[in-house]
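Asker: I have a structure here, written as C-alpha cells, and I will follow up with some questions on it.
The values are calculated or read from the model by the stated rules, or taken from the named source; none is laboratory data. Nothing here was measured: the structure is a model prediction, and the numbers come from that model. Heads up, the Cβs are rebuilt from the backbone with ideal geometry, glycines too, and the neighbour counts pull from every protein chain shown.
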Amino acid sequence: MVTKASASAHKRPQAQALHIGINEVSAAHYAGWTGPLAACEFDAHDMAAISKSRGMKSTLLITKKATRAHVLAALRKSAKSLGKGDLLFISFSGHGGQVPDVSGEEPDKLDETWCLFDGQLIDDELYFELSRFKAGVRILVLSDSCHSGTVVRAPRPAPGTPEQRPRIMPRSVGLRVYAEHQAFYDQLQRDVAKAAGGKVEDPDTALANVAVSDRLTAIVNDFQPIVILISGCQDNQFSMDGNHNGAFTEQVLSVWNSGGFKGTYATFHARVRAGLPPTQSPNLFTLGPAAAFLKQAPFAV
C-alpha cells in the first residue's frame, strides 16, 4: 500500500530558474549613465537553455524587464512555492556596483549591488530574500558581474575594448547615483535590517569559502536554505564582458559542454576557474549545510 507520506517522499523535486541579463540600464535611474554591454542578454538566454534542458521552469528578465520589482517578485514567488529538496537556479549577468553601507558597524564600508534596469539591488536585500526560503531548498547562484566590496582596494580596470569590458559601474557614476538617490538606498538598508530583526549580517561576512569557520557556523545556524554561489571573479578582480558571452559565462558553457560534463559542483567550479586567466578567477562560496549539494552534478534537479 502506498501511503501519502511515501508518495510524497518519492515526488520529483520542483526546479525553478530566474535568469537576469541586462545590456544597459535606465539613464533616469543612473545619473544619465546607461552602461552599455554586449553579451549579458546572450548570457541569460544561454543559462535559460541549460535550465530548459534540465526540466526547470524559468523566468527570463531581459534588460528593461529586469526591474527591481520584477526580480523581487520572482524571488518571493519562488520562496513561497519551493520546499525541502527543491531547486532554484539564479543567474545574473550585468554590471555590479556599490553603495555606502549605513546598516553595518563600519561607516566607510560599501555594500555590493547588482545594477538592475531601474535601480540597484543591494546585497543585504538579496541575502535577506534568500533567507526567506524554506529549510532544505537548494539555491544555485551564478553571478557574472563585478560585485565585491573589496574591489575598491584593487586598481580600477582600464575601459577595455568591445571584447573586454569590465562589468562594473564606474566609481564616479556610482557616487552620482548615490548622491541623487541617497534617501532611497539608505532606507532600503534600514528596511531590510528592521525586517530581519536587527542588524543584517553583511554577505561578505556571511558567505565564506567552503572551509568551515566559527563565524560561518554561527550564521548558518539561522539560515535555512542551502546556497552555492559561483561568482565571476575574486574580490579584487573584475568580470569581463565580451561580444557573445561574458568571459565567465563563456567558460561555464564550455565546461558544461551541452550536458557532457561529468562531475560535481566542486569539480565544475575548478574546471571553470582553470579555463580563465589569472586576472579573473571565479570564486566558490556556500551558505548553509552545503556539503551534499556540492557533491551533486551541476544543474541536477
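Asker: Any idea which residue in region 230-240 is modelled with the lowest pLDDT, counting only those that are touching a Gly at 6+ places or on another chain (Cβ under 8 Å) and buried (at least 22 other Cβ atoms within 10 Å of the Cβ)?
Answerer: 240
Asker: Within the bounds of region 108-128, is there any residue that is part of a helix (DSSP H, G or I), modelled with pLDDT of 75 or more, aliphatic (A, V, I, L, M) and over 25 Å from residue 284 (Cα atoms)?
Answerer: Among the residues of region 108-128, not one is part of a helix (DSSP H, G or I), modelled with pLDDT of 75 or more, aliphatic (A, V, I, L, M) and over 25 Å from residue 284 (Cα atoms), which makes the answer no.
Asker: Looking at region 261-299, which of the residues that are surrounded by fewer than 19 Cβ atoms within 10 Å (Cβ to Cβ), among the β-branched types (Val, Ile, Thr) and at pLDDT 90 or above is nearest to residue 138 (Cα to Cα)?
Answerer: 264
Asker: Please go through region 37-89 and pick out each residue that is in contact with a Leu (Cβ under 8 Å, 6 or more places away or on another chain) and either charged (D, E, K, R) or part of a strand (DSSP E or B) (or both).
Answerer: Result: 46, 58, 59, 61, 68, 87, 88, 89.
Asker: Is there any pair linking a residue in region 169-191 that is in a helix (DSSP H, G or I) to one that is among the basic types (Lys, Arg) and modelled with pLDDT under 85, with Cβ under 9 Å and at least six apart or on different chains, and which?
Answerer: That search, which allows pairs on different chains as well, returns 171/156.
Asker: Mind checking which pairs have a first residue in region 9-32 that is basic (Lys, Arg) and a second that is surrounded by fewer than 23 Cβ atoms within 10 Å (Cβ to Cβ), Cβ under 8 Å, 6 or more apart or different chains?
Answerer: 12/301
Asker: A follow-up question, please. Tell me yes or no: at least one residue of region 144-162 is of a type in the set (D, E, K, R), in contact with a helix residue (DSSP H, G or I) (Cβ under 8 Å, 6 or more places away or on another chain) and at pLDDT 85 or above.
Answerer: yes
Asker: I'd like to verify a number: residues in region 251-264 that are in contact (Cβ under 8 Å) with a residue 40 or more places away in the chain and under 18 Å from the mean Cα position of the chain (by Cα), how many?
Answerer: The qualifying residues number 2.
Asker: Hey, another quick one. Consider residue 66 against the criteria (1) under 21 Å from residue 177 (Cα atoms); (2) modelled with pLDDT under 95: it satisfies all of them except one. Which criterion is unmet?
Answerer: Result: residue 66 fails condition (2) only.
Asker: Looking at residue 227, is it at pLDDT 80 or above, assigned to a helix (DSSP H, G or I) and among the β-branched types (Val, Ile, Thr)?
Answerer: no
Asker: With (1) modelled with pLDDT of 95 or more; (2) within 28 Å of residue 170 (Cβ to Cβ); (3) in contact with a strand residue (DSSP E or B) (Cβ under 8 Å, 6 or more places away or on another chain) as the list, and residue 55 as the residue in question, which single condition is left unmet?
Answerer: Residue 55 satisfies every listed condition except (2).
Asker: Mind checking which residues of region 21-36 are under 20 Å from the mean Cα position of the chain (by Cα) and assigned to a helix (DSSP H, G or I)?
Answerer: Correct list: empty.
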